[in-house]
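A.B. asks: I'd like to ask you about the structure that follows.
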Amino acid sequence: MRSVLIISAALSFGLAAPGLAGDYENWFAGKPGGVACYARLYDEAHMAAHPRQKVVEIELDYDAKNAESEGNRPSRFAAGLGVRLKGKKGWYTNSMLCNERAMGGVACSLESDGGQFDLQPSGDGLEMRLTSELSIEGDDFIAFGGKTSDDNVFILKPAPQSVCDASTAEFR
């Protein structure tokens, strides 16, 4: 009974509130200005050690203003994904719809049947784990991930918004 009272008191005074926020709030909507950018740039040494990896740079970005068309709520919100591949010029980008899962993490699907992936916490960033091959159409069609690929798991770190803005600069 005493532990119930302590927990009730903590909730009443907001002491437990930060731990109650979900992944959507912690990773996306609750970020300053309602924007979040997570990215990874792989150096030459990493690419040499992973010859089957196509992705040279990857970013995941969220802007609450852009997510409003999808309701901007944990069960359905929009974000963007951008990648640069070795042997290709420029960025390939696509929109995605995501939802916070009851058991933790976030599940995302790229538009136009572009594939799916899950997000989980990883240190101060996110682990992006593909659950299917991802494909994006741009000037041409690209695909990455799958059974024989080194492009199935990415550790993305928080990055300045300018990093995510670079992937969509040509569209503005």
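All of the numbers you see were taken from the coordinates with simple rules; none came from a lab. This is a predicted model, so every value here is computed, not measured. Reconstructed Cβ throughout: ideal geometry from the backbone, glycine too, with neighbour counts over all protein chains shown.
A.B. asks: What ranking of Glu59, Glu133 emerges when the number of other C-beta atoms within 10 Å of each C-beta is taken as an exposure proxy, fewest first? Let's see the in-between values first.
C.D. replies: Working: Glu59 24, Glu133 16.
The most exposed by this proxy come first: Glu133, Glu59.
A.B. asks: Please compute the net charge surrounding Pro160, taking Lys and Arg as +1 and Asp and Glu as -1 over other residues with Cβ under 13 Å from its Cβ. Working shown, then result.
C.D. replies: Details: positive: Lys31, Lys157; negative: Glu59, Asp61, Asp165.
My count for the surroundings of Pro160 gives -1.
A.B. asks: Order these peptides, 81-87, 106-112, by their mean beta-carbon neighbour count within 10 angstrom, highest first.
C.D. replies: Numbers: 81-87: 18.1, 106-112: 16.3.
Per-residue Cβ counts within 10 Å, averaged per peptide and sorted highest first, yield 81-87, 106-112.
A.B. asks: Same structure again: Find the Rg to Rh ratio for region 52-131, where Rh is the Kirkwood radius over alpha-carbon pairs and Rg uses the same atoms. Each step should come with its number before you reach the end.
C.D. replies: Working: Rg = 13.1 Å, Rh = 13.4 Å.
Using Cα coordinates only, the ratio equals 0.98.
A.B. asks: Using only Cα atoms, what is the ratio of the radius of gyration of region 21-171 to 2.2 N^0.38 Å? Before the final figure, lay out each step's value.
C.D. replies: Values: Rg = 14.5 Å, N = 151, 2.2 N^0.38 = 14.8 Å.
My calculation over the Cα atoms of region 21-171 gives 0.98.
A.B. asks: Right, next: Full extension from Phe141 to Ala48: what is 0.36 nm times the residue separation minus their Cα-Cα distance, to one decimal in nm? Could the numbers behind the result be given before it?
C.D. replies: On the way: separation 93, 0.36 × 93 = 33.48 nm, distance 2.42 nm.
31.1 nm is the gain from fully extending Phe141 to Ala48.
A.B. asks: Let me ask another. Taking the C-alpha atoms of region 24-91, how large are the radius of gyration and the largest Cα-Cα span, Dmax, in Å?
C.D. replies: 15.0, 42
A.B. asks: Name the long-range amide H neighbours of Thr131: under 5 Å, sequence gap of 5 or more, or other chain; modelled H, no Pro or chain starts.
C.D. replies: Amide H neighbours of Thr131: Gln116, Phe117, Asp118.
A.B. asks: On a straight-distance basis, which lysines could pair with Lys147 in a cross-link, Cα separation under 18 angstrom, same-chain partners fewer than 8 positions away excluded?
C.D. replies: Lys54
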